[in-house]
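**Q** Supplied in structure tokens, the structure appears directly below.
The values are calculated or read from the model by the stated rules, or taken from the named source; none is laboratory data. Just so it is clear, the structure is predicted and the values come from calculations on it, not from any experiment. No Cβ is skipped: glycine too gets one built from the backbone with ideal geometry, and neighbour counts run over all protein chains shown.
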Ligand SMILES: *Cc1c(COP(=O)(O)O)cnc(C)c1O
């Protein structure tokens, strides 16, 4: 019997990946030139499905790169001269903050303890150029409501806003116009093999990159926004890209659109409800995130007062792979991914097994 990966990245592959990958090999797609017409059509197709799935306005750019971590670095380089402000409540939001520091900027961090969200009235340094939100903190299972992020946009309209949706995409419905930069990698919510990041950039953020470059600030080389845009205009990337992921993104994205995003979102929501109602109904696995409004539908984190190691191995023996706690919570929590690739019957099986422990 095959395993089901409930790990929050890499995770369960979307069910159609296997068929598409076999077809790609059969059609020798993985050997074609990344300057060929076949590639360019595939690139356009992948950009189009991202645009449709996330309702990205035509004036926003969509770039492909190595990973979400790379996206963090490119975002800071291209939009921040001195100061970004980071909402830090876990490991990935902290990573984004540290990237800014390591690039020699002077970032501010607004910090709350792991497992918590943010109030709508945090004090932001007025010289902040970019506000950075990790919409779904994979290390803790905290999701920030979109309204909270829009409230900051409303209050600080001159600041650019970046949002990491690696472990929630494509679940949240986003009003892209209220944001400047949205990014994710494909091995979590999209259920694809790891190795590619997707970066969505507003005209305002593009302008900032040009402004910084003209001013003599380094915005990087082959993956600067203007360089990626130059190649993007030709439906290409500056370097040899991850053709396999671009191919699969186009195919799996089309499958998701065929199923219907409403239906996919409804299934994720009902699986999340089933998991949270089970965890609420018992006392062995207390839910880590106390405040209901911040509980992530796509990464569910529970405490394991008796330790997580044994539970993880019992589940694994039943072919269900769940994530361990992250960083300081390793051995103390379970992290369960609930992405579009996860089938309701497998979620039910997971709940049944947890109930029997
Ligand atoms: C996994 C993850 C990342 C890093 O993604 P990579 O593709 O490994 O670079 C960044 N942010 C969040 C919220 C994540 O879950």
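**Q** Just to check your reading of the model, which residue among 232, 189, 216 is at positive phi and either more than 14 Å from the ligand (Cβ to nearest atom) or in contact (Cβ under 8 Å) with a residue 24 or more places away in the chain (or both)?
**A** Result of the check over 232, 189, 216: 216.
**Q** Can you list the strands (runs of 3 or more DSSP E) lying wholly within segment 43-125 that have 2 or more residues being under 27 Å from residue 253 (Cα atoms) and within 12 Å of the ligand (Cβ to nearest atom)?
**A** Qualifying strands (runs of 3 or more DSSP E): none found.
**Q** Would you be able to say whether some residue in segment 135-149 is surrounded by 16 or more Cβ atoms within 10 Å (Cβ to Cβ), within 14 Å of the ligand (Cβ to nearest atom), under 13 Å from the mean Cα position of the chain (by Cα) and farther than 23 Å from residue 335 by Cβ?
**A** No: zero hits.
**Q** Tally the residues that are touching a residue at least 60 places away in the same chain (Cβ under 8 Å), under 28 Å from residue 16 (Cα atoms) and out of contact with any strand residue (DSSP E or B) (no Cβ under 7 Å at 6 or more places or on another chain), restricting the search to segment 140-173.
**A** So the count comes out to 3.
**Q** Would you pick out the residues in segment 152-186 that are touching a helix residue (DSSP H, G or I) at 6+ places or on another chain (Cβ under 7 Å), more than 21 Å from residue 225 (Cβ to Cβ) and within 14 Å of the ligand (Cβ to nearest atom)?
**A** Scanning segment 152-186 gives 171, 172.
**Q** Another one. Condition first: modelled with pLDDT of 95 or more and farther than 22 Å from residue 227 by Cβ. Can you find one or more residues in segment 58-78 that meet it?
**A** no
**Q** Residues that are buried (at least 22 other Cβ atoms within 10 Å of the Cβ) and modelled with pLDDT under 95, at least 3 per element: which strands (runs of 3 or more DSSP E) completely within segment 291-357 meet that?
**A** In segment 291-357, no matching strands (runs of 3 or more DSSP E) lie anywhere.
**Q** (1) within 28 Å of residue 339 (Cβ to Cβ); (2) assigned to a loop (DSSP other than H, G, I, E, B): which one isn't true of residue 128, the others all being true?
**A** Every condition holds for residue 128 apart from (1).
**Q** May I pose another question? Do you know which of the residues in segment 204-237 that are in contact with a strand residue (DSSP E or B) (Cβ under 9 Å, 6 or more places away or on another chain) and surrounded by fewer than 16 Cβ atoms within 10 Å (Cβ to Cβ) is farthest from residue 43 (Cα to Cα)?
**A** 204
**Q** Look at residue 120 and say whether it is in contact with a strand residue (DSSP E or B) (Cβ under 8 Å, 6 or more places away or on another chain) and either crowded, with 22+ Cβ neighbours inside 10 Å or in contact (Cβ under 8 Å) with a residue 24 or more places away in the chain (or both).
**A** no
**Q** Quick check, is residue 268 within 30 Å of residue 41 (Cβ to Cβ) and assigned to a helix (DSSP H, G or I)?
**A** Considered against the rule, which asks whether it is within 30 Å of residue 41 (Cβ to Cβ) and assigned to a helix (DSSP H, G or I), residue 268 comes out as no.
**Q** If you don't mind, another one. Pairs needed: first member in segment 1-13, under 16 Å from residue 249 (Cβ atoms) and at pLDDT 95 or above; second member anywhere, more than 14 Å from the ligand (Cβ to nearest atom) and part of a loop (DSSP other than H, G, I, E, B); C-beta distance under 8 Å; at least 6 residues apart or different chains.
**A** Final answer for the pair search is 11/341; 13/341.
**Q** Please list, ordered by first then second residue, the pairs with beta carbon atoms under 7 Å, 6 or more apart or interchain, first in segment 322-338 and over 18 Å from residue 276 (Cα atoms), second outside any loop (DSSP other than H, G, I, E, B) and modelled with pLDDT of 95 or more.
**A** 326/91; 326/335; 327/91; 330/324; 331/309; 331/324; 332/303
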